[in-house]
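Report on the following structure.
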Amino acid sequence: MRSVTLFHRLILRPLRRERLRTSLTICAVALGVAAVVAIELAGEAAAGSFHSSMETLIGRADFEAISTGGVAPETLTRLAKLPYALNLHPRIEDYAVLEDSHRTVPLLGIDLVGTPGEGIWTGNELGYKAGDRVKLLAGNSSRELMVQGVLGENSGETVVMDLALAARLLGRERLDRILIETPPATPGTVGEPWEKILKAAVPEGTVIEREGTRTDENRRMLTAFRWNLRVLSYISLAVGAFLIYNTISVSVVRRRAEIGILRALGATRAYIMAAFLGEAAALGVVGAAVGIVLGRLMAEGAVRMVGATVQSLYVSSRPAAIALGGSDAALALAIGSVVSIVSALLPAWEAAQVAPVEAMGRARREHEVRLHRGRDLVYAGVLAFGAWIASRQGPVGGKPVFGYLAAALLLAASAMSIPSVLAGFGWIGTLARRWTGVEGLLASRGLTGSLRRTSVLAGALSTAVAMLASVGIMVGSFRETVVRWMADRVQADFYLRPAAPAGPDRFPTLPPGIAEGLRKVFDVAAVEQIRSYPISYHGLPATLAGADLRVSERYATRAFLSGRAPAEVFEQLMDRDAAVVSEPFANKHHVRASDSIVLELAGGKRNFRVVDIYYDYSSERGIVLVDRATLLKYLPDPAPSTLAIYLNPGTSLDAGRHEIEAAIAGEPATIATNRSLREEGIRVFDRTFAITYALEAVAVFVAVMGVSGALLALVIDRRREFGLLKFLGAEQGQVRRMILFEAGLLGLLAVAVGLILGFFLSLVLIYVINKQSFGWTIQFHWPVAVLGFALATVYAATLLAGLYPARIATRLVPIEVVHEE
């Protein structure tokens, strides 16, 4: 009971008395936890694949038969002839556009035996009812169909139709997959697994996999992306940890007299330490509880941004409902409380070491910080060297673990060097006096005089600024790299694509004869046909593409890692089992030029020699590119996915477009110029990185909010100093300017250190983390305009954060403050 009373008086009462500072600290923890919760919930919702979202309609199977280019119908016949009670579910899967609302929805063709007419069944979230007429754009055709019924609960926005109707609409002769349900037990299969039986029954080139294998492949592919998002979300939590440290440190300094009295009355060191850890735990638990609610709200916006990235780079998917479970809430509470307690360990330990005779020695810790700053600078150098060593290491399990370690070591090195940098700010006071008067001098000396507390604060803000700068440099460099790559890669005057939506794992096709018709157009110089297929390579999704390389060698400026000219490389691909692979594919699967890769194609496994590796930023999945004639040898489907159209020199784009539109009149296709295609690519890029910018904004907001709270704590802790200044004749305006100068100097220091640290962090992001996670080579570029605006905004926000503490300082009554001391 006595311990509870002492805890209340020593810890809880001051927290209630300083409600604003307590609220700011709780909000910092809450925002950090909210960012983690939001990203976790959004990542889980957005990571589900198209196939897993369909499981609620038919139920799960045991196996599935798949093949690059589609499963031949005869495969279904072979499986049906097996002398076992197998349940077979042939399926055609794609996406269609509802022309009345322009929504893109999953389209599923299944065997609906005995259903009358050409009708469809719609998901419960589409809002249709039986008898409605719906116009669908799918594949090569547009058709108005009647809604026969509405699917049950959790069917989402899906459209289901009979298999034969789906084949006609999409122009398919093959199935996408056959789901296979095996009986629980069948005599004669003991010691002969189902997988072996099924593989023996299907044609060569058809793969039998456990159902859900492709979904698992997609999830594995998304692992690096989700890990990087998690790390970004932890940044705001780390900034919050700095503020917890600062809060507890200020509490210890301000209560040294009370701690000394308690120690003199018999309080043990363990009790003192437990009391301050209890304060941190209380702040952490309350902040985490608020963060859970806030994170659930933030997840609504995060899932849209994360989902956009997933659909642009990885796999066609429809985000599932956001589900906040008990385990998520428990994890958030644990993270908030553990981070807070760990952050408070050092100041709590320092409180426990206070001896009664030293209780009034308020400057002792400041002296120790000054005394040891040279030692800390040496430690910072050691940590920086360790970061360099870590950055030279390879990935672990496909994750850039050492890259993360290098970034953490750089952050730690920066934090250790802050006291020395801050102590060097003394010369600024002399310089500032010439321009700002005595207020600037007192402000700079006030910062260096409270070196220990301001170092923590500067470290928190500079960390947030460094992350903002590093991610800004990385994204800006990546964007500039993509812009230059697209200028080199997108060379055709026009690109013709199916009207049906495409995705990173789905490639609708155009009618086979359309290319021949376009070649007869007077102003068309050449037409390049490109066909793409989704494939699996070593347990990860990839793309197989075939192109008319005889056309490509005339126009392409594709950059190869070897530096060779495109014509020289393409010459080695024509009419041969040879390929070039994209850089992400090569890095992901450790493939080098002159290696051989084995692809599962219709007819069996085929060996392809890798001639070279090319730079590519269109797909993180990785691409294998072969000559179109070679592709048709194994997958004899002449329908192209895209047509690249080159006009004769001197032909205007308007005239060429008019002729092309006349030649394809009535075909479900869209025409895009190379300029519009590049602009669309940049829009997709910016949408992809929207979640990155949002997370950085949260981290910076937490840091700026912490500046306000910490400056308020400094004002409260230095109230005797401000009281004396008022006794000596300082005006309210001078005190206000002094606080604002401190905020400005602190912001200047944080921006300067953060920019330097951000530069080195950006090198780790560009050349280590991104390279090992995604396989892209990014050319370094300074995004001066964006970076300058962002840093100026942070600096302005830091100045604004000093307004309220300045107001509190001007309202102090000198006689009360001095008497209190």
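Summary of values
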| quantity | calculated |
| --- | --- |
| Alpha-carbon centroid distance for the pair segment 272-301 / segment 124-159, whole angstrom | 46 Å |
| Zone of Glu680's modelled label, taken as backbone nitrogen in segment 649-672 under 11 Å from a point 7 Å along Cα→Cβ | 670-672 |
| Label zone at Asp575 (point 7 Å along Cα-to-Cβ), backbone N below 15 Å, segment 592-630 | 627-630 |
| Calculated log₁₀ intensity ratio I(q)/I(0) where the Debye formula runs over C-alpha points of segment 71-228, q = 0.10, 0.11, 0.14, 0.21 Å⁻¹ | -0.47, -0.57, -0.85, -1.28 |
| Sequence of Asp100, Asp62, Asp162 from largest to smallest accessible area, 1.4 Å probe | Asp100, Asp62, Asp162 |
| Virtual spin-label span in nm between Phe789 and Arg609, 7 Å along Cα→Cβ | 5.2 nm |
| Estimated dipole of segment 224-307 in Debye, rounded to 20 [Cβ of Lys and Arg +1, of Asp and Glu -1, Cα centre] | 120 debye |
| Normalised convex hull volume, segment 457-506, alpha-carbon set, Å³ per residue | 119 Å³ |
| Over 29 Å between alpha carbons, listed pairs Lys196/Lys605; Lys81/Lys605; Lys199/Lys633; Lys81/Lys135; Lys588/Lys633 | Lys81/Lys135 |
| Taking all pairs of distinct alpha-carbon atoms in segment 152-250, Kirkwood radius in angstrom | 19.7 Å |
| Simple label model, 7 Å out from Cα along Cβ direction - Thr223 to Asp654, nm | 5.5 nm |
| Surface accessible to a 1.4 Å probe, Lys399 within the full protein complex, Å² | 60 Å² |
| Using a Förster distance of 25 Å, the FRET efficiency for Val293-Leu800 (Cβ separation, nearest 0.05) | 0.40 |
| Solvent accessible area, Å² - His102, 1.4 Å probe, full protein context | 150 Å² |
| Rounded accessible area per residue of segment 250-315, 1.4 Å, Å² | 37 Å² |
| Area accessible to solvent at Thr557, 1.4 Å probe radius, in Å² | 70 Å² |
| Calculated FRET efficiency for the pair Ser594/Ala665, C-beta based, R₀ 35 Å, to 0.05 | 0.15 |
| Extension gain from Leu748 to Leu82, taking 0.36 nm per residue of separation minus the Cα-Cα distance | 232.1 nm |
| Sequence of Tyr245, Tyr533 when ordered by accessible area, the most exposed leading, probe 1.4 angstrom | Tyr245, Tyr533 |
| Trypsin sites (Lys or Arg not before Pro) restricted to segment 112-185 and DSSP loop, no more than 16 other C-beta within 10 Å | Lys129, Arg174 |
| Values of log10 I(q)/I(0), in the order q = 0.12, 0.18, 0.20 Å⁻¹, for segment 611-705 under a Debye, Cα-only, solvent-free model | -0.71, -1.14, -1.22 |
| Full-stretch length increase - Arg269, Ala130 - with 0.36 nm per residue and alpha-carbon distance subtracted | 42.6 nm |
| Accessible carbon and sulfur surface of segment 277-346 relative to its total accessible area, %, 1.4 Å | 76 percent |
| Under-5 Å amide H pairs with Ala499, H placed in peptide plane, nonlocal only | Ala669, Thr670 |
| Accessible surface ranking that places the most exposed of Thr223, Thr268, Thr810 first, with a 1.4 angstrom probe | Thr268, Thr223, Thr810 |
| Estimated Rh, segment 239-346: Kirkwood, alpha-carbon pairs, angstrom | 16.5 Å |
| Label-to-label distance, nm, for residues given as Ala164 and Arg210 (7 Å Cα→Cβ offset) | 3.7 nm |
| Restricting segment 108-162 to GluC sites (Glu not before Pro) in coil, as DSSP defines it, with at most 11 other Cβ within 10 Å | Glu153 |
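The values are calculated or read from the model by the stated rules, or taken from the named source; none is laboratory data. Quantities reported herein were computed from a predicted structural model and do not represent experimental measurements. A quick note on method: Cβ atoms are made from the backbone with ideal geometry, for glycine too, and the neighbour counts reach across all protein chains shown. With ligands, DNA and RNA removed, areas are computed over all heavy atoms of the protein, side chains included. Shrake-Rupley method; radii C 1.70, N 1.55, O 1.52, S 1.80 Å.
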